Amino acid sequence: MKSIGIIFAMDEELFRLLEMIEPYKVVDGVLGRFYTRLVEYGGLEFQLVLTKSGMGKVRAAAHATEMLIKFAPSAVMSFGLSGAVSELVGIGDLVVVNSVLQHDFDLGSLADLSHQQPKESQLAQRMGDLLAGYSDELDEIWSSRVSDTFGRIPRIHIGTVITGDRLITSNAERAILKDRFPGALCVDMEIYSVAQVAKLANTPWAGIKIISDEANDSFNPREVMSFCNEHGSSVLAQIAMWSFEIFTGTNGEWTGNL
């Protein structure tokens, strides 16, 4: 039986998926709390393992480590919100993560001896194909909401996310990141850690990020949390259930047989 682990940073990102899979089992570990449920999809049975890590690289790494040790998932995923760094993405866009870098990792004078290497996802293309296959459903449950709220049609991207232990909320900070990482689409505080731990454990990883803000002077925490509660958590929950298709190879709807 395959096991799939998904790590969220905040309750606001996770709660809709927990509602979808009730009743679930709660497993308290040394470092975190995990929620598990057996799910039937495409004629196969999976164990879904969820956790809320809290914000930041250390917490994300700790929860990813315990998840891998305790449940040995076949894949680990990081789902959540992210701030736009590139002009190519806007609020409501979905980013399928194919590589990650740390923006606050600095070796100083040793930088010439050891360059930071991006962590690349083995599952990114399959995840991108999955979302493309559900474009009609996404139009119904996501695009219309974003259009009504923000006046724009969201798009799906595959690209690089940068991670650091700092919430980016100013034009100056965003400009620095755009200059240092011109290929990055968005910035978060957790996914690099999840990818690094997964790589060390020889476990495939994937990531889905929703652009919730522009990581600039216009950042409003209340608006971001409202966006997640009213819209983001629901689409993340649905994508989580669709993601089982990566392992089944089917194109059918989730059976709902829990």
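Test each condition in (1) over 12 Å from the mean Cα position of the chain (by Cα); (2) surrounded by 19 or more Cβ atoms within 10 Å (Cβ to Cβ) for ILE176 and report the one that comes out false.
The failed condition is (2).
Scan segment 20-42 residue by residue and report those that are over 18 Å from MET67 (Cα atoms) and free of Cβ contacts under 8 Å to residues at least 40 places away in the same chain.
Correct list: GLU22, PRO23.
Any chance segment 149-159 includes a residue that's touching a residue at least 40 places away in the same chain (Cβ under 8 Å), farther than 30 Å from ASP104 by Cβ and among the aromatic types (Phe, Trp, Tyr)?
No.
Can THR248 be described as within 30 Å of SER74 (Cα to Cα), crowded, with 18+ Cβ neighbours inside 10 Å and either modelled with pLDDT under 95 or among the polar types (S, T, N, Q) (or both)?
So THR248 fails the test.
Being touching a strand residue (DSSP E or B) at 6+ places or on another chain (Cβ under 6 Å), at pLDDT 95 or above, within 21 Å of MET127 (Cβ to Cβ) and buried (at least 20 other Cβ atoms within 10 Å of the Cβ) is the requirement here; does ALA9 meet it?
In short, yes.
I want to confirm something. Restricting to segment 160-179 and keeping residues that are small (Gly, Ala, Ser) and without any contact (Cβ under 8 Å) to a residue 24 or more places away in the chain, which single residue is farthest from MET127 (Cα to Cα)?
ALA172
Tell me, yes or no, whether segment 231-244 has at least one residue that is touching an Asp or Glu at 6+ places or on another chain (Cβ under 6 Å) and at pLDDT below 90.
Within segment 231-244, not a single residue is touching an Asp or Glu at 6+ places or on another chain (Cβ under 6 Å) and at pLDDT below 90.
Determine the pairs where a residue that is in contact (Cβ under 8 Å) with a residue 60 or more places away in the chain and within 16 Å of ILE4 (Cβ to Cβ), located within segment 56-73, has a partner that is among the β-branched types (Val, Ile, Thr) and part of a helix (DSSP H, G or I) with Cβ atoms under 7 Å apart, the partner being 6 or more residues away or on another chain.
Sorted first by the residue in segment 56-73, then by its partner, the pairs are ALA64/VAL194; ALA64/VAL197; LEU68/VAL197.
The values are calculated or read from the model by the stated rules, or taken from the named source; none is laboratory data. It should be emphasised that the depicted structure is a prediction, and the values quoted were computed from it without experimental measurement. All Cβ positions, glycine included, derive from the backbone under ideal geometry; neighbour counts span all protein chains shown.
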